[in-house]
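Asker: Sharing a structure here in structure tokens format.
The values are calculated or read from the model by the stated rules, or taken from the named source; none is laboratory data. What you are looking at is a predicted structure, and each value in this text was computed from that prediction instead of being measured. Cβ sites come from the backbone with ideal geometry, for glycine too, and all protein chains shown count toward neighbours.
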Amino acid sequence: MNKKIYILDAFYEAGIALAKEHAEVVCWPDPAIVNWPEEADGVMVRMTPITAEQIRRAKHVQIICKQGVGFETIDIAAAKECGIAVCRTPGVNSEAVAEMAFALALSVTRRITRFDRMLRAGEEIVRPAHLGIEMNGKTVGVVGMGNIGTRVARKWFGAFDARIIAYDPYATDDQWLDLPHQRVNSLDELLAVSDLVTLHLPLNEQTKNLIDRAALAIMKKNAVLINVSRGGLIDEQALFDVLQSGHLFGAGLDVFAIEPPPADYPLLSLPNVVTTPHAAGGTVDTQERSSLQVAQQVIDVLAGLPAMNRVA
């Protein structure tokens, strides 16, 4: 093919190997990756931001393929202006992210992470002072009725006989027909009745700080909040204040407005917060599938085929 593919982040080896079968590859952590705007024909990326200035320097780039669903780290307007295809891999990590949402919720409600920390630190544990809450038959509010939200709802209903409340102003009437649930017309309705609120929606102008101080105040006392989508969905200072006040039972967060959060970040100091480092999609299964899909989409475009899963 005589093309160059630049891989800007750590990728699962299967995708790197596939790219090398079809092109010359410059791969992280090779410091030469900084030259991608001048030298690349195709770009594979996970988390590294791609700016308008870099895109306008990219005279040979035909495609930038982002592993995952979100693409807010790429300047889409500049890519459109320069005629560079920007693609992603929707759905490939849905099961892994759904499992993480489920796991974080149980870790919070049953105090799993708290007990682990205390045992490792050799602390005296008075178990009645750290009681968990059961989720069987409880009300789970799912915000966002897409692929991941659907999987999360099925897990709660199937494993815990949970009452599912769903909110998504963009969902059509024919979605979730085979899944018992109640659909509400406003976020406030969901927040007021849910024992657990789990977020599964993109970050944009409409959703930024969707869970703000007023929304948190509406939530039931001892409710739990889970976010495996994007950190900017939650006003994190407001969440810290509400958790510290004891209004909520706890929170499970895979994402933050600033990633990674600094070690002294207030939310990390709370014992009723369980965190992971934007790792919801981090399974061997997902990483292999998604790295191969990213590589194949770049290879196809460089071979003259149409771009798949295109967002620009």
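Asker: Conditions first: (1) part of a loop (DSSP other than H, G, I, E, B); (2) out of contact with any strand residue (DSSP E or B) (no Cβ under 9 Å at 6 or more places or on another chain); (3) farther than 20 Å from residue 106 by Cα. Residue 277 passes all but one, so which condition is the exception?
Answerer: So the condition that residue 277 fails would be (3).
Asker: Then there's this: On the basis of being touching a strand residue (DSSP E or B) at 6+ places or on another chain (Cβ under 7 Å), farther than 19 Å from residue 107 by Cβ and small (Gly, Ala, Ser), does residue 295 make the cut?
Answerer: Yes; evaluated as a whole, the condition is true for this residue.
Asker: If you don't mind, another one. Answer with yes or no whether residue 137 is at positive phi, in the same structural domain as residue 195 (by TED's automatic domain parsing) and surrounded by fewer than 17 Cβ atoms within 10 Å (Cβ to Cβ).
Answerer: Answer is yes for this residue.
Asker: Can you tell me how many residues within segment 287-300 are surrounded by fewer than 22 Cβ atoms within 10 Å (Cβ to Cβ) and either of a type in the set (Val, Ile, Thr) or in a strand (DSSP E or B) (or both)?
Answerer: 1
Asker: Search segment 14-43 for residues being without any contact (Cβ under 8 Å) to a residue 12 or more places away in the chain and among the charged types (D, E, K, R), and hand back the single one that is farthest from residue 287 (Cα to Cα).
Answerer: Only one residue fits best here, namely 30.
Asker: Applying the selection to segment 58-89, what residues are surrounded by 14 or more Cβ atoms within 10 Å (Cβ to Cβ) and either of a type in the set (S, T, N, Q) or part of a helix (DSSP H, G or I) (or both)?
Answerer: Residues satisfying the conditions are 62, 67, 73, 76, 78, 79, 80, 82, 89.
Asker: If you take the residues in segment 90-126 that are buried (at least 20 other Cβ atoms within 10 Å of the Cβ) and in a loop (DSSP other than H, G, I, E, B), which one is modelled with the highest pLDDT?
Answerer: Selected residue: 111.
Asker: Next question. Pick from 114, 46: which is of a type in the set (Lys, Arg) and either in the same structural domain as residue 157 (by TED's automatic domain parsing) or more than 17 Å from residue 283 (Cβ to Cβ) (or both)?
Answerer: 114
Asker: Ok, one more. Does residue 274 qualify as being hydrophobic (A, V, I, L, M, F, W, C) and touching a residue at least 60 places away in the same chain (Cβ under 8 Å)? Walk me through how you get there before you give the answer.
Answerer: Values: hydrophobic (A, V, I, L, M, F, W, C): yes; touching a residue at least 60 places away in the same chain (Cβ under 8 Å): yes.
Yes.
Asker: Also, I was wondering about something else. Determine whether residue 306 is part of a loop (DSSP other than H, G, I, E, B) and either over 16 Å from residue 66 (Cβ atoms) or not assigned by TED's automatic domain parsing to the domain that holds residue 116 (or both). Quick ask: steps written out before the conclusion?
Answerer: Working: part of a loop (DSSP other than H, G, I, E, B): yes; either over 16 Å from residue 66 (Cβ atoms) or not assigned by TED's automatic domain parsing to the domain that holds residue 116 (or both): yes.
Answer is yes for this residue.
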